[in-house]
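Report on the following structure.
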Amino acid sequence: MGFDSIVTNGVIVTATEVLSLGIEIGIKDGKISCLGTSLPRDNDTEIIDAKGAYITPGGVDTHVHFAQDNSPTGDDFTTGSRSAIAGGTTTVIAFASQLRAEESVLPCVAEYHTRAKDLSYCDYGFHLILTNPSPTIMTKEMPQLMEDGITSIKLYMTYEPMKLGDAQVLDVLMASRALGFTTMVHAENSDIISLITDRLESAGHSSPYFHAISRPQIAENEATYRIISLAELTDTPILIVHMSSEVAMKHVRKAQTRMLPIHAETCPQYLFLLSDRLRGNDQDTFSGAKCVCSPPLRHDPKDLEAMWTGIANGTFTTFSSDHAPSTYDNPGGKKKGLVNGVMRYRDIPNGVPGVETRVPLLFNHAGPEKDARLSLPRFVQLTSTDPAKLYGLDGVKGSIAPGYDADLVIWYPESELAGGVEISQKMLHHGVDYTPFESMNVKNWPRWTYLRGKKIWDRDNGGVIGDMSDGKFLKRGKGKVVVGRMGNEATGMLPGERDYWR
Ligand code: DUC
Ligand code: ZN
Ligand code: ZN
């Protein structure tokens, strides 16, 4: 059979199974050829001894911002992807962001290709952020993008330079449905946020903490209900990104119970961090800016618990980092919101870094133990398998099975990492100058990361040992509907009623 390498002596975890210790993985030409016992080896076969540890599929982080014009001080593809592999992520999907004035999206997509080509340690794809959905773009360019393997878009319901009104959202949903795009939506009510922001500013409340006050849960709640309604009307699958509140999540749950194809994502910051972090510390009150992200961190530990429930009970389809890199100590980064000693939270670039910590932070709570918050298969499903399916990488990424790319994370056996790992900025590989997860302890960390059969991260021997030309652009297929199904009539509609207007 002639495998290039065989991974042996590990416990393979997939989205459905924890296999018995010792099932081997045969790898040939960067792909998994087979799983089995006592696989045939010859003198040339490299044997990778997992030393009894867990083996999980390489992480698939489908929400990262690298090299975007609106966050110029953080990560480009090289530093961002380097950080990804050190944390067990082998595939990222980043954004190509259309500027409102651009009449064509093709130059923008071409530009993001140049920002990534031969500059990425991990495999990558792009979503298009659509801010000017003109008829030409929707009828001529979106089909072209689909052919080119860019099969997902992101829409914003808030942020002045990017937001779309409901009429535009509806047009895009209709086009998305017809073409089969995976449609991501940032759901917050823009007018609620503007009203509160203006009034806070007049009252002199402009320190980072007021960012959380300006975007209450009801803003997420209303927009979530609205986008689900628009998706239901048009029978379009959507994914609501970075969900942070139970009240909004309940709309998703209810829709899923009705078999509507409504997917949802949450992120580490909404499982671990609360709005008190925005107050900064005694030495530097502005340092709360490090945790300014949108939706904002919520106030109550119960809010975190609610997100954990959604993680465990299947409401969330994906667990992404929303890695949004802005350096803190930089006038073009977070300190945009601090001019001449005056704090202005509305000028702070939104987002937190987290592409490297995403997988270890969730793995820390996964396992067979009684106090684990989720099972190991559910961990794999959220961090690799379902994001790959949803974004058109099914059969290639996100699982340990024949035919899939040999993207693997091999962890430490428990006995070799007693005490776990304390997360600190100095151990990370991103281009940002802080981590919001500083000092948190995790029980394990990826020991080795493999991309298409090549070892690219070796924590104890050289760290990042891959090359920045290892990562390849992923021409993706159409995403799958992972939750619910298409073809439901909207509430109160007669069967076939849409045919009058669709
Ligand atoms: N929110 C976003 O919508 N995008 C980037 C980061 C953030 O916090
Ligand atoms: Zn967003
Ligand atoms: Zn984002």
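Based on C-alpha pairs under 8 angstrom that are at least 6 apart in sequence, region 314-380 has a relative contact order of 26 percent.
Distances between placed amide hydrogens fall under 5 Å for Asp123 paired with Val92, Lys472, all partners being 5 or more residues away or on another chain. Helix content alone sets the calculated 222 nm mean residue ellipticity of the chain: runs of n ≥ 4 DSSP H residues at -39500 (n - 2.57) each, divided across all residues, give -7000 deg cm²/dmol. Among the lysines, select those whose C-alpha is under 16 Å from the C-alpha of Lys31, and discard any that sit fewer than 8 residues away in the same chain. Candidates past the 8-residue exclusion: Lys397, Lys454, Lys455, Lys472.
Expressed to the nearest 5 percent, the antiparallel share of DSSP beta bridges inside region 58-378 is 5 percent. A straight Cα-to-Cα reach below 29 Å connects Lys370 with the lysines Lys51, Lys250, Lys254, Lys302, Lys443, residues fewer than 8 places away in its own chain not being considered. Using θ = phi - 60° in the Karplus curve 6.51 cos²θ - 1.76 cosθ + 1.60, the 3J(HN,Hα) couplings for region 255-272 round to 5, 5, 4, 8, 6, 6, x, 10, 9, 9, 10, 10, 9, x, 4, 8, 9, 10 Hz; x is entered for Gly and Pro. The ranking of Asp499, Asp386, Asp198, Asp407 from fewest to most other beta carbons within 10 Å of each one's beta carbon is Asp499, Asp198, Asp386, Asp407.
Applying the Kirkwood pairwise sum to the alpha-carbon positions of region 192-272 produces a hydrodynamic radius of 14.0 angstrom. Charged neighbours of Asp386, selected by a Cβ distance under 15 Å, balance to +3 (K, R count +1; D, E count -1). With q set to 0.09, 0.11, 0.12 Å⁻¹, the log10 of I(q)/I(0) for the chain, from the Debye formula over equal scatterers at the Cα positions, is -0.60, -0.90, -1.08.
Per-peptide packing, taken as the mean over residues of other Cβ atoms within 10 Å, places 491-498, 473-480 in the sequence 473-480, 491-498 from highest down.
Each value in this text was obtained by applying a stated rule to the coordinates, not by laboratory testing. If you're wondering where the values come from, they're calculated on a predicted model, not measured in any experiment. Using ideal geometry, Cβ is built from the backbone for each residue, glycine included, and neighbour counts are taken over all protein chains shown.
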